[in-house]
Amino acid sequence: MELSRWIADVDAQPEEAPGLARGILAWLVEAEVVVAEPTDCVLGDVPGGYAPGPSCGSIVVGGGGRFPDVWPNGLELDVGRSAFYGPVAGDTRVTCSNCDAWLPFEAVLPVVEEWLEGGPDALVCACCAVRRGFNEWLWPVPCAFAELGLRFWNWPPLADAFVADLARRLGHRLVAGAFGV
């Protein structure tokens, strides 16, 4: 099973996301967490990813041990509208943070698809009629809808200290999760 660990910056604006991504990459390359040259080490519609560097263990739980020798295995930087989520099983309700009414996850997917194509980032609650951005709803698994995200393909769990440091550097709210493929 391939695993994508992700961190999404839910506050990054479209015009600032490319610069923030360049800054994150420069920081991680300087710290030798990833190598500077992009390679074919990730999935997705990106020009390439960044393979683990000699200090990659410094940002994962337990110091890194041995990374799996599998493909894909690298950092993918997602710039532009992206949906980040974990596997949905069991309770599939997306809940209004205003009144606790809920929608089935499947009913929300077409609205998310519309947003990915340039539509509005919001759901209107059928009960309280409040319009809220996707990130303001309560999802059954960690979910984030963002202009900037990092996906770590087949990396061990990311250390909380790394996520906190990244949030400080960006000055934004981050949401982290994982998805098994």
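Over the chain, DSSP H runs of length four or greater, each weighted -39,500 (n - 2.57), average out per residue to a 222 nm ellipticity of -6500 deg cm²/dmol. For the range 40-150, the solvent-accessible area with a 1.4 angstrom probe is 50 square angstrom per residue.
Any chance you could look up the accessible area of GLU106 with a 1.4 Å probe, heavy atoms only, rounded to 10 Å²? So the heavy atoms of GLU106 present about 110 Å² to solvent. Structural descriptor for the chain: relative contact order 39 percent, calculated from alpha carbon pairs under 8 angstrom and at least 6 residues apart. If the segment from ARG93 to ALA26 were pulled out straight at 0.36 nm per residue, it would be longer than the present Cα-Cα gap by 20.2 nm.
Once the Cα atoms are used to define both axes, helix 105-116 deviates from the longest principal axis of the chain by about 70 degrees. The angle between the Cα long axis of helix 160-170 and the main principal axis of the chain comes to about 80°, on a 0 to 90 degree scale.
Subtracting the Cα-Cα distance of LEU43 and GLU106 from 0.36 nm times their residue separation leaves 20.2 nm of extension gain. Within the accessible surface of the chain, defined with a 1.4 Å probe on protein heavy atoms only, the carbon and sulfur portion equals 53 percent.
The values are calculated or read from the model by the stated rules, or taken from the named source; none is laboratory data. Treat the numbers as computed from the prediction; the structure is a model and nothing was measured. Remember, those area values only see protein heavy atoms, side chains included, never the ligands or the DNA or RNA. Shrake-Rupley method; radii C 1.70, N 1.55, O 1.52, S 1.80 Å.
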